[in-house]
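Here is the structure we will look at, set down as structure tokens.
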Amino acid sequence: RLESEMRLAATVQSQLFQWERIERDDVILGNYVQMADSTGGDWAHYHLAQERYLYMICGDVVGHGLPSALVVSAVAGCFESLKADLDAPDHKFHVREIMARVHSVVQAAGRGNFPMTMFLIKLDLMDGKVAYACAGHPPARIVSISKDGTRVVRRLRGRADYLGSHV
């Protein structure tokens, strides 16, 4: 039964990793995903909104198997539904508001039993500004190339409790 559940969770998860390729003068994003032996709760995605704002999101539900995969599926649906709003020219979402929406989805889908760590980055490709929110996830890093060609790695800071708790 466990093996069957893991296969189903892996199928659900593999459907969630359907990424668009973004290629511009200032940024190229592709993807590579290798599923682990135990799967279900990991998810990452990105979206280029208005040809200006790059949203990158990465999360991990505590636990494995089908229950975690279903929570991740609900979060992926939440992010997909937000894309239309993010693409609207008058959108004013801050990363904290997006995280609050995801928190309510994790709370409802997991009923407090499957919390999720996550980070969300919003990169403005026009002015280089970064907005970042993190909920219990290991910190994100941004790698850039300076004007003299040196590789610069910045570790983003931010911290909050995991998503989906009843507290």
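The values are calculated or read from the model by the stated rules, or taken from the named source; none is laboratory data. The shown structure was predicted, so the numbers you read here are calculated from the model rather than taken from an experiment. A quick note on method: Cβ atoms are made from the backbone with ideal geometry, for glycine too, and the neighbour counts reach across all protein chains shown.
Could you tell me how many of the residues in the stretch 79-98 are surrounded by fewer than 19 Cβ atoms within 10 Å (Cβ to Cβ), under 19 Å from His137 (Cα atoms) and not basic (Lys, Arg)? Spell out the reasoning first.
Initially, the stretch 79-98 is screened for residues surrounded by fewer than 19 Cβ atoms within 10 Å (Cβ to Cβ), giving 80-81, 83-94, 96-97.
Next, from what is left, pick out any that are under 19 Å from His137 (Cα atoms): 94, 96-97.
When the remaining residues are screened for being not basic (Lys, Arg), the result is 94, 97.
Residues that pass the stated criteria total 2.
Which of the residues that make up the stretch 143-163 are over 26 Å from Pro115 (Cβ atoms) and exposed (fewer than 10 other Cβ atoms within 10 Å of the Cβ)?
Keep residues of the stretch 143-163 that are over 26 Å from Pro115 (Cβ atoms), which gives 143-154.
Of everything in the stretch 143-163, those that are over 26 Å from Pro115 (Cβ atoms) and exposed (fewer than 10 other Cβ atoms within 10 Å of the Cβ) turn out to be Val143, Ile145, Ser146, Lys147, Asp148, Gly149, Thr150, Arg151, Val152, Val153.
Take Pro67 and tell me if it is modelled with pLDDT of 70 or more and in a helix (DSSP H, G or I).
So Pro67 passes the test.
Residue check: is Phe119 in contact (Cβ under 8 Å) with a residue 24 or more places away in the chain, over 14 Å from Gly164 (Cβ atoms), in contact with a strand residue (DSSP E or B) (Cβ under 8 Å, 6 or more places away or on another chain) and part of a helix (DSSP H, G or I)?
The answer is no for Phe119.
Give me the residue from the stretch 117-142 that is more than 13 Å from the chain's Cα centre (by Cα) and surrounded by fewer than 12 Cβ atoms within 10 Å (Cβ to Cβ) and, out of that set, modelled with the lowest pLDDT.
The selected residue is Arg141.
Can you find, within the stretch 44-73, the residue that is farthest from the chain's Cα centre (by Cα) among those that are closer than 16 Å to Asp85 by Cα and of a type in the set (Ser, Thr, Tyr)?
Step by step, filter the stretch 44-73, then rank; the result is Tyr53.
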